[in-house]
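Every read-out reported here was derived from the displayed coordinates using simple, explicitly stated rules and does not represent laboratory data. What you are looking at is a predicted structure, and each value in this text was computed from that prediction instead of being measured. Note that each Cβ is placed from the backbone with ideal geometry, even for glycine, and that neighbours are counted across all protein chains shown.
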Amino acid sequence: MRPILIASALFMTAGGLLAQTSHTGQPLRPDQLNWMPAPPVLPKGAQMAVLSGDPTKAGPFTVRLKMPAGYRIPAHSHPTDERVTVISGTFRCGMGDRLDEAKAQTLGDGGFVNLPAKMNHYAFADQEAVVQIDSEGPFAITYVDAADDPSRSQ
């Protein structure tokens, strides 16, 4: 298992995400979100928008992740807690060392899960879903099986 810092991935592929930070004190409507391709440490197909903070630096951040139907994130962990709120659609997640649809929990609009640091978990969306993630940076992801790391094939 090797940790992948999202910081370098964001700088290399989605520099525009960092321009949309620090909305402190300013209301933000959904049509104002700056959606960009998710960094390469996540499987292709998802989009990400930064609502506050900077995931590449120490400190709190909030992002939204838009996943298309059929999107899968293999088993992985993070060095910090990750709090996930379902904004829309159906989000499925589970704990363990491999993605197991039969053991996953299903969360709909408004659903919430707190994923403790260093706990292996996985996530997927059978239909399009948008989730909001609150955590502490710098954000990093470690795949249980290094072969699942999509940034290795780039």
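General observations
- Using the Cβ-Cβ distance between A58 and R83 with R0 set to 22 Å, the FRET efficiency from 1/(1 + (r/R0)^6) comes to roughly 0.80.
- Electrostatic bookkeeping for Q32 treats Lys and Arg as +1 and Asp and Glu as -1; over the other residues with beta carbon under 15 Å from its beta carbon, the sum is +2.
- Proximity of backbone amide H atoms, modeled 1.01 Å from N, is registered between E128 and A69 at under 5 Å, excluding neighbours fewer than 5 places apart on the same chain.
- Shape index of segment 34-154: Rg/Rh, with Rg the Cα radius of gyration and Rh the Kirkwood radius from the inverse mean 1/r over Cα pairs, equals 0.92.
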